[in-house]
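Trainee: Mind having a look at this structure? Questions to follow.
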Amino acid sequence: AQRVTQPEKLLSVFKGAPVELKCNYSYSGSPELFWYVQYSRQRLQLLLRHISRESIKGFTADLNKGETSFHLKKPFAQEEDSAMYYCALSGAIIQGAQKLVFGQGTRLTINP
Amino acid sequence: DAGVTQSPTHLIKTRGQQVTLRCSPISGHKSVSWYQQVLGQGPQFIFQYYEKEERGRGNFPDRFSARQFPNYSSELNVNALLLGDSALYLCASSSWTGVSGANVLTFGAGSRLTVL
């Protein structure tokens with residue numbers, strides 16, 4: 001079974017402090033991992049995907065297959081980073097379906 | 001491009017009624033997926049359609065059905081509404097074809113359904 005766990009529902013840090021949003025997954029094959037973000041009054045949008053190995057808005061995430069984790073990190077938080085963050089997994093294409101399994105989300109609040 | 005558009009944005013129904021939600025994908029995207037997001041939880045996969053065929057179905061009862069039209073727009077139907085069907089229903093499109101294309105979903109703003 002595919003499962004994504006985000007252990008923190010709420011995370012609050014001060015501006016300029018480092019941020020780490022945790023994501024652990026359960027999947028027996030080779031997954032594709034994503035971070036989606038939802039800013040206030042905006043739609044859910046892709047932040048980054050592990051195969052791109054990009055840094056988006058200062059965020060990075062490394063897939064650790066040994067620990068089955070895909071934590072999202074940023075060295076210096078900014079107030080505009082306040083949002084809801086969802087980790088998502090796409091496993092092997094089953095019967096031709098492109099299905100994302102989402103975690104419950106972490107609400108990140110950056111305090112001034 | 002307006003992105004993925006969904007209608008209606010909000011609606012209120014009573015138990016036992018039926019609802020139809022509509023979605024227009026990004027131009028050029030042939031794959032449309034539907035997700036249910038209950039308050040406080042992450043989105044949960046309901047259906048995926050590609051080229052008018054159902055390619056995947058999540059763990060939802062048969063009261064939930066969908067279809068995709070020749071112009072790649074899609075409708076989600078829910079019959080015999082229950083209080084627990086109250087949620088934000090998200091539509092997403094992608095360029096994925098099952099063989100090639102980015103495995104990335106672009107979401108619409110959602111249709112918020114309240115069942116009384």
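The values are calculated or read from the model by the stated rules, or taken from the named source; none is laboratory data. All of these numbers come straight from a predicted model, not from anything done at the bench. Neighbour counts are summed over all protein chains in view; Cβ atoms, including those assigned to glycine, are modelled from backbone coordinates with ideal geometry. Just the protein is used for accessible areas: all its heavy atoms, side chains included, with ligands, DNA and RNA removed. Shrake-Rupley method; radii C 1.70, N 1.55, O 1.52, S 1.80 Å.
Trainee: Quickly run through the stretch A:100-110 and pick out the residues that are out of contact with any Gly (no Cβ under 8 Å at 6 or more places or on another chain), open to solvent by less than 60 Å² (accessible area, probe 1.4 Å) and at pLDDT 95 or above. Break it down into steps so the answer makes sense when it comes.
Mentor: From the stretch A:100-110, those out of contact with any Gly (no Cβ under 8 Å at 6 or more places or on another chain) are A:100, A:106-110; that's our starting set.
Filter once more, keeping what is open to solvent by less than 60 Å² (accessible area, probe 1.4 Å): A:100, A:106, A:108-110.
Listed by number, the residues that qualify are A:Thr106, A:Leu108, A:Thr109, A:Ile110.
Trainee: Give the stretch A:26-37 a look and list any residue that's within 13 Å of another protein chain (Cβ to nearest Cβ) and either at pLDDT 95 or above or more than 24 Å from B:Val4 (Cα to Cα) (or both), or say none. Even if it seems obvious, please write down each step before you answer.
Mentor: Of the residues in the stretch A:26-37, the ones within 13 Å of another protein chain (Cβ to nearest Cβ) are A:30-37.
Within the stretch A:26-37, A:Ser30, A:Pro31, A:Trp35, A:Tyr36, A:Val37 qualify.
Yes/no per residue for (1) of a type in the set (S, T, N, Q); (2) within 12 Å of the chain's Cα centre (by Cα); (3) closer than 18 Å to B:Tyr35 by Cα:
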site: A:Val4; (1), (2), (3): no, yes, yes
site: A:Ala17; (1), (2), (3): no, no, no
site: A:Ser26; (1), (2), (3): yes, no, no
site: A:Gln38; (1), (2), (3): yes, yes, yes
site: A:Arg41; (1), (2), (3): no, no, no
site: A:Arg53; (1), (2), (3): no, no, no
site: A:Asp62; (1), (2), (3): no, yes, no
site: A:Leu100; (1), (2), (3): no, no, yes
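Trainee: Further question: Of (1) surrounded by fewer than 16 Cβ atoms within 10 Å (Cβ to Cβ); (2) in contact with a helix residue (DSSP H, G or I) (Cβ under 7 Å, 6 or more places away or on another chain), B:Leu39 satisfies all except one. Which?
Mentor: (2)
Trainee: Among the residues of the stretch B:11-56, write down those that are outside any loop (DSSP other than H, G, I, E, B), farther than 15 Å from B:Cys91 by Cβ and at pLDDT 95 or above.
Mentor: B:Ile12, B:Lys13, listed by residue number.
Trainee: Mind listing just one residue for me: the one in the stretch B:62-116 that is out of contact with any Leu (no Cβ under 8 Å at 6 or more places or on another chain), at the interface with chain A (Cβ under 10 Å from one of its Cβ atoms) and open to solvent by 30 Å² or more (accessible area, probe 1.4 Å) and, of those, farthest from A:Lys99 (Cα to Cα)?
Mentor: B:Ala109
Trainee: Check A:Ala88, A:Ala97, A:Ala77, A:Ala83 and return the single one that is open to solvent by 10 Å² or more (accessible area, probe 1.4 Å) and of a type in the set (A, V, I, L, M, F, W, C). Walk me through it before giving the result.
Mentor: On the way: A:Ala88 fails: open to solvent by 10 Å² or more (accessible area, probe 1.4 Å); A:Ala77 fails: open to solvent by 10 Å² or more (accessible area, probe 1.4 Å); A:Ala83 fails: open to solvent by 10 Å² or more (accessible area, probe 1.4 Å).
Answer to the selection: A:Ala97.
Trainee: While we're looking at this one, here's another question. Can you spot a residue in the stretch A:60-68 that is closer than 21 Å to B:Gly42 by Cα, within 13 Å of chain B (Cβ to nearest Cβ) and not charged (D, E, K, R)?
Mentor: no
Trainee: Could you count how many residues in the stretch B:45-61 are surrounded by fewer than 18 Cβ atoms within 10 Å (Cβ to Cβ) and either closer than 28 Å to A:Lys9 by Cβ or more than 12 Å from chain A (Cβ to nearest Cβ) (or both)?
Mentor: Of the residues in that region, 5 qualify.
Trainee: Would you pick out the residues in the stretch A:7-50 that are touching a residue at least 24 places away in the same chain (Cβ under 8 Å), under 21 Å from B:Gly110 (Cβ atoms) and open to solvent by 60 Å² or more (accessible area, probe 1.4 Å)?
Mentor: Listed by number, the residues that qualify are A:Lys9, A:Ser40.
Trainee: Now, a different point. Of the numbered conditions (1) assigned to a loop (DSSP other than H, G, I, E, B); (2) more than 13 Å from chain B (Cβ to nearest Cβ); (3) modelled with pLDDT of 85 or more, A:Lys73 satisfies every one except a single condition; which is it?
Mentor: (1)
Trainee: Moving to a separate point now. For residues in the stretch B:1-21 being open to solvent by 50 Å² or more (accessible area, probe 1.4 Å) and free of Cβ contacts under 8 Å to residues at least 60 places away in the same chain, which is nearest to the chain's Cα centre (by Cα)?
Mentor: Of everything passing the filter in the stretch B:1-21, B:Ala2 is nearest to the chain's Cα centre (by Cα).
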